Amino acid sequence: MTEMKSPPRHGQGRGCVITRRACFSASHRYWLPELSADDNAARFGPCAIAPGHGHNYELIVSMAGGLDADGMVLNLSEVKHAIRQEVTGQLDFRFLNEAWPEFDVSGPSGCLPTTEALVRVIWQRLSPHLPITALRLYEQPGLWADYLGHPMDAFLTIRTHFAAAHRLARPELSQEENEAIYGKCARPHGHGHNYLVDVTVRGAIDPRTGMVCDLSALQRLVDDLVVEPFDHTFLNKDVAFFAECVPTAENIALHIADRLSTPVKAIGAHLHKIRLQESPNNAAEVYAETPQLDRMPAALESVAAV
């Protein structure tokens with residue numbers, strides 16, 4: 001007779017990913033001593049102005065493991081203590097350029113405390129203490145970096161928005177047929193949305209500037225190739241591509257990815273993902289590259305839903 005095994009009590013041994021949020025306020029300045037004042041200003045813009053500027057940073061720490069006998073991956077009190085001891089207690093209300101030796105640019109091995117460089121150093125300091133699977137660091141609501149433990153690569157995301165109208169209808173179908181597929185969205189005069197666009201790029205962190213790519217150049221590309229041509233338009237009529245292609249959220253995201261992929265490569269990064277939020281209830285995501293460095297898309301999502 002086969003003996004039935006009882007399930008583990010309190011979920012012991014079952015795998016789970018947990019996240020912990022932590023915040024700190026700090027300032028930084030982008031300034032390299034080997035560059036002249038004019039060159040620093042040209043390269044880093046207002047971020048080069050002394051004595052620096054500040055942010056309210058938000059850190060999301062994702063950790064994975066099997067549940068213990070108490071039904072936890074980790075004791076959250078111990079997680080909180082580790083993050084405070086190794087990160088927030090050392091960075092809160094500090095000038096990042098002087099807080100950690102990794103950001104001392106007076107020597108050749110130091111780099112600027114950019115968002116992507118900072119999240120990598122946080123990983124290096126936290127990983128001996130916690131089973132980290134992913135980190136996300138928000139510098140502001142429209143700018144954040146993800147780090148998954150690769151020695152050099154990081155993901156940088158900028159968020160922008162545009163307002164546009166569209167109509168969901170296939171030109172080869174009748175109005176009745178379109179309404180059967182798209183419902184109210186097929187009405188002849190269209191309707192509008194305030195779209196949010198997240199552009200995620202991947203690349204190696206420069207050992208000196210601390211950047212995956214020139215952030216100002218990336219923002220200009222998105223403004224020039226997405227916001228300017230799409231904002232305050234009727235997409236079906238004002239954007240040639242959508243004269244024959246139904247401007248669903250999915251197709252808009254795909255078209256944005258197609259427009260940005262080559263220009264992003266020209267500034268030294270790889271376009272990784274476009275996320276287009278059409279409304280609080282609807283969004284579409286397009287991965288512009290196959291998973292790199294053994295990373296699956298889900299690895300980033302563990303920090304995205306916090």
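The values are calculated or read from the model by the stated rules, or taken from the named source; none is laboratory data. Note that the coordinates shown come from a computational prediction; the quantities given were computed from them, not determined experimentally. Reconstructed Cβ throughout: ideal geometry from the backbone, glycine too, with neighbour counts over all protein chains shown.
Of the residues Pro207, Pro101, only one is assigned by TED's automatic domain parsing to the domain that holds Ser25 and not aromatic (Phe, Trp, Tyr); which?
One residue alone meets the criteria, Pro101.
The residues of the range 62-82 that are out of contact with any Lys or Arg (no Cβ under 6 Å at 6 or more places or on another chain) and β-branched (Val, Ile, Thr) amount to a single one, Val73. Here Gly107 qualifies as over 13 Å from Ala22 (Cα atoms) and either over 24 Å from the mean Cα position of the chain (by Cα) or among the acidic types (Asp, Glu) (or both). One residue is enough: does the range 164-171 have a residue meeting the conditions in contact with a Ser or Thr (Cβ under 9 Å, 6 or more places away or on another chain) and either free of Cβ contacts under 8 Å to residues at least 60 places away in the same chain or assigned to a loop (DSSP other than H, G, I, E, B) (or both)? Yes, the range 164-171 has at least one match. With respect to the conditions (1) crowded, with 16+ Cβ neighbours inside 10 Å; (2) more than 19 Å from Leu196 (Cβ to Cβ); (3) out of contact with any strand residue (DSSP E or B) (no Cβ under 9 Å at 6 or more places or on another chain), Ala240 lacks only one, and its number is (1).
Where helices (runs of 4 or more DSSP H) fall entirely within the range 69-151, those with at least 2 residues that are polar (S, T, N, Q) are at 115-126. For the range 172-182, the set of residues classified as surrounded by 12 or more Cβ atoms within 10 Å (Cβ to Cβ) and assigned to a helix (DSSP H, G or I) consists of Glu177, Asn178, Glu179, Ile181, Tyr182, listed by residue number. Select from the range 84-125 the residues that are surrounded by fewer than 16 Cβ atoms within 10 Å (Cβ to Cβ) and small (Gly, Ala, Ser) and write down the one among them that is modelled with the highest pLDDT. Residue satisfying both the conditions and the ranking: Gly89. For the range 215-226, a residue qualifies if it is buried (at least 18 other Cβ atoms within 10 Å of the Cβ) and more than 14 Å from the chain's Cα centre (by Cα), and the qualifying residues are Leu221, Val222, Val226.
Residues of the range 7-42 being of a type in the set (S, T, N, Q), modelled with pLDDT of 95 or more, surrounded by 13 or more Cβ atoms within 10 Å (Cβ to Cβ) and outside any strand (DSSP E or B), which ones? Once the filter is applied, which keeps residues that are of a type in the set (S, T, N, Q), modelled with pLDDT of 95 or more, surrounded by 13 or more Cβ atoms within 10 Å (Cβ to Cβ) and outside any strand (DSSP E or B), the range 7-42 yields only Asn40.
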